[in-house]
């Protein structure tokens, strides 16, 4: 059961492949992957950063200066800093989210891993993340790369996505099902 996106083509796929090859030859795959995960989190949690990335009003130079300064301040690997600067220089920051996804998908595929996304109401500790990773690895029969996210709207429980398969044990979904079944009684 493949969980990686087959759509690694286009601009994002080409940038992701080039970055992968550079990171692999420089032996910094894990550092770059961590940086890209942090960038994805920044895009999801910071409206200001999302606006910076998608703004057609900012000049090329302003975007390059801003994203490289942010990447430097975040302590990213020099390859990642150069890469986001190149995206800004080429006016391709809009493809950042899909480039990150394509890179991480390619990394997981080459490592023989299945990517699982776990969304919970609160941040899970390392002990719980390890338990979920082991349970998924046993269930799927392969190595699992776990990506944890937080969504307070879930209220409790978690949602696990592996490819097109989703297991929703969130409290919000359970309450919704209860609400629907109560409507049918009356």
> What number goes with the only condition from (1) in the same structural domain as residue 167 (by TED's automatic domain parsing); (2) touching a residue at least 40 places away in the same chain (Cβ under 8 Å); (3) crowded, with 17+ Cβ neighbours inside 10 Å that residue 76 does not pass?
Replying inline: (1)
> Looking at segment 152-186, which of the residues that are under 20 Å from the mean Cα position of the chain (by Cα) and in a helix (DSSP H, G or I) is surrounded by the most Cβ atoms within 10 Å (Cβ to Cβ)?
Replying inline: 154
> How many residues are free of Cβ contacts under 8 Å to residues at least 60 places away in the same chain and either touching a strand residue (DSSP E or B) at 6+ places or on another chain (Cβ under 9 Å) or not assigned by TED's automatic domain parsing to the domain that holds residue 148 (or both) when one looks only at segment 161-171?
Replying inline: 6
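The values are calculated or read from the model by the stated rules, or taken from the named source; none is laboratory data. Keep in mind it's a predicted model, so treat the numbers as computed, not measured. Cβ coordinates were reconstructed from backbone atoms using ideal geometry, including for glycine residues, and neighbour counts include every protein chain displayed.
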